[in-house]
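Q: Got a structure here, written out as structure tokens. Questions coming.
The values are calculated or read from the model by the stated rules, or taken from the named source; none is laboratory data. Please read these numbers as outputs of a predicted model, since none were measured by experiment. For neighbour counting, all protein chains shown are included, and Cβ atoms are generated from backbone atoms with ideal geometry for every residue, glycine included. The protein model used for the area step is the full one, side chains on, heavy atoms only, and it has no ligands, DNA or RNA in it. Shrake-Rupley method; radii C 1.70, N 1.55, O 1.52, S 1.80 Å.
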Amino acid sequence: MTKKQGLKIATIGGGSSYTPELIEGFIKRYDTLPVRELWLVDIPAGKEKLNIVGNLAKRMVKEAGVPMEIHLTLDREEALKDADYVTTQFRVGLLDARAKDEKIPLKYDVIGQETNGPGGLFKGLRTIPVILDIIADMERLCPEAWLINFTNPAGMVTEAIYRHSNWRKVVGLCNVPVGMKMGVAKALDVKPERVHVDFAGLNHMVFGLDIYLDGECITEEVIEKITSEGSSMTMKNIVDLGWEPDFLKALKLLPCPYHRYYYKTADMLAEEKKDAEEKGTRAEVVQKLERELFELYKDVNLNKKPEQLEKRGGAYYSDAACNLIESIHNDRGDVQPVNTLNKGAIASIPDDSAVEVNCMITKSGPKPVAVGDLPVPVRGLVQQIKSFERVAAEAAVTGNYQTALLAMTINPLVPSDIIARQILDEMLEAHKEYLPQFNK
Ligand code: G6P
């Protein structure tokens, strides 16, 4: 194969423990998605992890016998130069910052979560300036590339890119919809290919509007099944508290696992506090899991993705990512749920906002499938979260204290302006190293 054939992919945050997922996905699809070069790039603090996971990636590729070159670098410019696709999976401040996002709000009896409430706001404040910086590099070094962002909070990040940059070749991606579809298939005991879900909403705030089995609408049956068998469908990172059956039957929609933070706030808070005391917050659990994973990754005899990675919340992440890139590359026109510009697909959300919705995936990007208005019972919450995301993105870009306070206060998980201010002040101090825009 000559140099010109095949694709160059740059993965920012390449030292992540999730990288073997991605490698597995590219290997599986090599025939239709010939990746010539995969550049894993990270920051100097992530060098050791990058080397460990990068060497595993090299062994995986060798074992599979595909001619994919794996490059490891700390030089982002070198990685981005002439890339066809850039994927982002970085975490500003690493898991220590996530632990603070999860712990500090708990002191104020507020949900502490990576992408929801105050934690979600702060993850956005840390991440958005960095993603905009990456985009500035991409404008110079790979202006034709697609940016596929998995970095959380993925919805807010996608919104920020549309509002605060001129970059349009971006897709925000999450494994929640695919996890929900798999959950339905499991509850029905059928192959996932037979299930179709009409997804609409926002990232980590997405609903299954209707569910189909072999083309037949079975939403009510699925809800009946979930409520009667207590199989509430969750992900590894969210405690499996079952739904009140009559609530779900009245809702007539499939909520995503994260909706528990909004519809079961008190119970989730109690669980979080108990967990924080007994085994640490999710970030602390994941830190332990990561240490175990990296020990495994070091084993020179390991040449495939270890099963232990499935203990992370990001299951099916590689399938979602690689399916998306494969469909853009081959102009498949298949339907996948992604984060993209609404363009009227969801009537209750502004056209120029990012939404998570089923899209036809083409060479020129995702084409959202119109769903009309969201059902009345959920419309207000989704709109409120969208308002929060917009104000939060503005705060991230401007570093304006009052805008950040506004974002914190309008978040539905924060009970008052005064508590919002207390949490904001404590978190601004705790994260100041990663928030230069607030410390000018
Ligand atoms: C889910 C979410 C991801 C999130 C992950 C956290 O998969 O969709 O956005 O990153 O959970 O999982 P973790 O194992 O880090 O708690």
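Q: Mind listing whichever residues of the range 64-92 are more than 17 Å from the chain's Cα centre (by Cα), farther than 16 Å from residue 54 by Cβ and touching a residue at least 60 places away in the same chain (Cβ under 8 Å)?
A: 67, 77, 80, 81, 82, 83, 84, 85
Q: Continuing with this model, one more query. Regarding residue 225, is this residue at pLDDT below 95 and within 16 Å of the ligand (Cβ to nearest atom)?
A: No; evaluated as a whole, the condition is false for this residue.
Q: Tally the residues that are closer than 19 Å to residue 62 by Cα and not aliphatic (A, V, I, L, M), restricting the search to the range 302-317.
A: Of the residues in the range 302-317, 4 are closer than 19 Å to residue 62 by Cα and not aliphatic (A, V, I, L, M).
Q: Only one residue in 276, 250 is exposed (fewer than 14 other Cβ atoms within 10 Å of the Cβ), of a type outside the set (D, E, K, R) and assigned to a helix (DSSP H, G or I). Which one?
A: 250
Q: Can you give me the number of residues within the range 228-245 that are open to solvent by 40 Å² or more (accessible area, probe 1.4 Å), without any contact (Cβ under 8 Å) to a residue 24 or more places away in the chain, out of contact with any Gly (no Cβ under 7 Å at 6 or more places or on another chain) and more than 16 Å from the ligand (Cβ to nearest atom)?
A: 3
Q: Would you point out the residue of the range 310-321, among those that are assigned to a helix (DSSP H, G or I) and either away from the ligand (no atom under 16 Å from the Cβ) or under 18 Å from residue 234 (Cβ atoms) (or both), that is nearest to the chain's Cα centre (by Cα)?
A: 317
Q: Still on this structure, please answer the following. Output the number of residues of the range 403-440 satisfying the condition of being outside any helix (DSSP H, G or I), of a type outside the set (Lys, Arg) and open to solvent by 50 Å² or more (accessible area, probe 1.4 Å).
A: Of the residues in that region, 3 qualify.
One line per residue, one yes/no per condition, for (1) out of contact with any helix residue (DSSP H, G or I) (no Cβ under 6 Å at 6 or more places or on another chain); (2) at pLDDT below 95; (3) of a type in the set (Val, Ile, Thr):
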| residue | (1), (2), (3) |
| --- | --- |
| 314 | yes, yes, no |
| 359 | yes, no, no |
| 369 | yes, no, yes |
| 400 | yes, no, no |
| 419 | yes, no, yes |
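Q: Would you mind finding the one in 195, 206 that is within 21 Å of residue 264 (Cβ to Cβ) and in contact with a strand residue (DSSP E or B) (Cβ under 9 Å, 6 or more places away or on another chain)?
A: 206
Q: Somewhere in the range 218-239, is a residue more than 27 Å from residue 112 (Cα to Cα) and touching an Asp or Glu at 6+ places or on another chain (Cβ under 7 Å)?
A: Within the range 218-239, one or more residues are more than 27 Å from residue 112 (Cα to Cα) and touching an Asp or Glu at 6+ places or on another chain (Cβ under 7 Å).
Q: For the structure I just gave you, tell me whether residue 376 is open to solvent by 70 Å² or more (accessible area, probe 1.4 Å), farther than 24 Å from residue 168 by Cα and hydrophobic (A, V, I, L, M, F, W, C).
A: Answer is yes for this residue.
Q: Scan the range 246-302 for residues that are within 13 Å of the ligand (Cβ to nearest atom) and among the β-branched types (Val, Ile, Thr) and report the count.
A: Counting residues in the range 246-302 that are within 13 Å of the ligand (Cβ to nearest atom) and among the β-branched types (Val, Ile, Thr) gives 3.
Q: May I ask you to list the residues in the range 102-126 that are open to solvent by less than 10 Å² (accessible area, probe 1.4 Å) and either under 15 Å from residue 87 (Cβ atoms) or aromatic (Phe, Trp, Tyr) (or both)?
A: 122 - this is the single residue of the range 102-126 that is open to solvent by less than 10 Å² (accessible area, probe 1.4 Å) and either under 15 Å from residue 87 (Cβ atoms) or aromatic (Phe, Trp, Tyr) (or both).
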